[in-house]
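First the structure, in the form of structure tokens, and then the observations on it.
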Amino acid sequence: MTAAPPDGATGPLPLVVVPGMLCDRDLWSGVAFPEQHPVRHVGLTRADVGRLAEDVLSAVTGPFVLVGLSLGAIVGFEVLRRAPERIAGFCAMATNAGAPRPEQYAAWRAMDGLIAEGRFTEAVERTLPGMFHTPDPPDELAARYRDMAHRVGPDAARAQLAAQATRTDAYGALRTVRCPVSVLYGTRDALCPPDFHRAIADAVPGARLTAVPGAGHLLPMERPGPVSAAVNALLRAAERGRARPSVPLRPAASPPSPAC
């Protein structure tokens, strides 16, 4: 018999945690999630952002706090669009809320073609230099990333590439958000630079923007301490906000043109 998913309506708010491309739950292994809150990890195995959002929404019943990195946060934007009443708090990190650019579509097609030719290991190696604060990361981090990517495997990787191409501009949804939101970025993220995160924070009323010094794209692996602090602070704010009335929205700044 399958256990029922955590219910945020009757106990501590559950956390739903979604990784980025070629990552699995090991991305979060150094993050200190609070023990009293159930944690549900959702993988990225579908070729459409909307279907991935439905996977997130079916992971638990009732309200929950959503934590996503990169593609995981992009899925989170779609969850906010579809079911804002379910989200008690949202943490987005190392991500981009803009629609894809033509050169991104081309890069994703090229990567998909490489994997289709049976060259998955080569595809993983091509992505490695952009994952950390340096193109030549410490051996331990590089090995963990490679291990995650190979656990994800070529089929899910191709689905993730296809899902990337279905994402849309999320700024409209972000401007309507009324729950606590935390936005984190690594100051040395080569894929999603600070301006992307400032634009996200500007679009969300009351969002908290946190820079993680010296971290690259996979900041939970490089700097789990600041990520832990941000998630715990978000959970406290979400729990406090459960009984609070909604607050008026404030105008948001226009986002810059996305590049990652």
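The values are calculated or read from the model by the stated rules, or taken from the named source; none is laboratory data. Source: prediction; values computed, not measured. Note that we place each Cβ from the backbone using ideal geometry, even for glycine, and neighbour counts take in every protein chain shown. For the accessible areas, the whole protein counts, side chains as well, though only heavy atoms, and no ligand, DNA or RNA atoms are used. Shrake-Rupley method; radii C 1.70, N 1.55, O 1.52, S 1.80 Å.
At a glance:
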quantity: Region 8-157: proportion of alpha-carbon pairs further apart than 23 angstrom, %; calculated: 40
quantity: For the chain, alpha-carbon Rg and Dmax in angstrom; calculated: 17.3, 54
quantity: Burial order of peptide ranges 203-209, 100-106 (average beta-carbon count within 10 Å, highest first); calculated: 203-209, 100-106
quantity: R0 of 35 Å, Cβ-Cβ distance A143-R51: FRET efficiency to nearest 0.05; calculated: 0.65
quantity: Extension gain (nm, one decimal) between R208 and T176, 0.36 nm per residue minus Cα-Cα; calculated: 9.9 nm
quantity: Sum of side-chain charges, A162 neighbourhood, beta-carbon under 14 Å (Lys, Arg +1; Asp, Glu -1); calculated: +2
quantity: Accessible area per residue in Å² at 1.4 Å probe, computed on region 173-239; calculated: 35
quantity: Relative contact order of the chain, defined on C-alpha pairs under 8 angstrom at six or more residues apart (%); calculated: 25
quantity: A165 paired with S29, simple spin-label distance in nm, labels 7 Å along Cα-to-beta-carbon; calculated: 3.3
quantity: Of the GluC sites (Glu not before Pro) in region 117-201, those whose Cβ has at most 14 other Cβ within 10 Å and which sit in DSSP loop; calculated: E117
quantity: Within the accessible area of the chain (1.4 Å probe), percent carbon and sulfur; calculated: 53
quantity: The chain: most fluctuating residue of R144, R198, R40 per GNM, C-alpha cutoff 10 Å; calculated: R144
quantity: Computed helical MRE - 222 nm, the chain, DSSP H runs ≥ 4 contributing -39500 (n - 2.57), nearest 500; calculated: -12500 deg cm²/dmol
quantity: Rounded, prolate or oblate (a/c below 1.5 giving rounded, otherwise prolate when a/b exceeds b/c) for region 70-193 by Cα gyration tensor; calculated: prolate
quantity: Inter-site label distance for R242 and A116 at 7 Å from Cα along Cβ, in nm; calculated: 4.8
quantity: Spin-label proximity, E103 to region 48-82 - amide N less than 20 Å from point 7 Å beyond Cα toward beta carbon; calculated: 71
